[in-house]
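Q: This structure is in structure tokens; I'll ask about it shortly.
The values are calculated or read from the model by the stated rules, or taken from the named source; none is laboratory data. All values reported here derive from a predicted model rather than from experimental measurement. Counting neighbours? That spans all protein chains shown, and the Cβs are built from the backbone with ideal geometry, glycine included. Ligands, DNA and RNA are excluded from the accessible area calculation, which covers all protein heavy atoms including side chains. Shrake-Rupley method; radii C 1.70, N 1.55, O 1.52, S 1.80 Å.
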Amino acid sequence: MLSGNFHPILHCSRMALNQNAFSEVNFRCFEAMACGAALLMEQFGNGLDVLFTPDEEFPPYPKDDAVEAARITTDYLAMSKFLSKISENERCFVARQHSGMARAQTLVEFCLEFLRTSVR
């Protein structure tokens with residue numbers, strides 16, 4: 001609903017709902033997690049559960065089930081310490097695996113391996 005700098009909003013939020021037209025794992029997922037808001041997103045084969053561990057690194061809800069999303073949100077908000085732990089897990093994971101520096105390092109390692117194995 002907004003464009004631009006989301007950090008001030010997400011940094012103050014305990015949870016962030018990400019629902020998008022194609023249910024893909026998009027930049028907003030990583031942005032919310034990096035800012036410390038627990039990501040609430042549909043889980044149904046979109047790869048989110050391959051990248052992150054449900055209930056450890058994100059609270060999932062079933063596709064097209066707004067009632068269940070609301071219930072899960074209420075439950076998680078009531079478990080403040082658990083929700084804080086999930087938020088911290090997300091933030092650390094994104095910093096460790098999906099920051100610009102982490103991705104650049106992965107690319108450098110890939111290129112070095114490629115050069116090592118393909119130069120003869």
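Q: Return a whole-number percent for the relative contact order of segment 1-42, with Cα pairs under 8 Å and 6 or more residues apart as the contact set.
A: RCO, segment 1-42: 49 percent.
Q: Given R₀ = 41 Å, FRET efficiency for S118-H98 by Cβ-Cβ distance, to 0.05?
A: Calculated transfer efficiency: 0.90.
Q: Test of the criteria: in segment 2-47, which chymotrypsin sites (Phe, Trp or Tyr not before Pro) are in a DSSP loop and have at most 10 other Cβ atoms within 10 angstrom of their Cβ?
A: Answer by residue number: F22.
Q: Return the sequence-ordered ³J(HN,Hα) values of segment 47-55 in whole Hz as given by the Karplus equation 6.51 cos²θ - 1.76 cosθ + 1.60 applied to θ = phi - 60°, using x for Gly and Pro.
A: Values per residue, Gly and Pro as x: x, 4, 6, 8, 7, 10, 8, x, 6 Hz.
Q: What order do you get for 100-108, 34-42 when each peptide is scored by the mean count of other beta carbon atoms within 10 Å, highest first?
A: My ranking of the peptides, most packed first, is 34-42, 100-108.
Q: How much of the accessible area of the chain, probe 1.4 Å, is carbon plus sulfur, in whole percent?
A: Within the chain, the accessible surface is 62 percent carbon and sulfur.
Q: Under the classification rounded if a/c is under 1.5, otherwise prolate if a/b is larger than b/c and oblate if not, where does segment 14-81 fall, given a ≥ b ≥ c as square roots of the Cα gyration tensor eigenvalues?
A: Verdict is oblate for segment 14-81.
Q: Give the ranking of H11, H98 by solvent-accessible surface, highest area first, calculated with a 1.4 Å probe.
A: Final ranking, largest accessible area leading: H11, H98.
Q: On each of the three principal axes of the Cα atoms of the chain, give max minus min coordinate, whole Å, ordered largest first.
A: 59, 29, 29
Q: On to the next question. Would you mind getting the accessible area per residue of segment 5-57, heavy atoms of the protein chains only, 1.4 Å probe, in Å²?
A: Working: 2760 Å² over 53 residues.
Counting only protein heavy atoms, the per-residue value for segment 5-57 is 52 Å².
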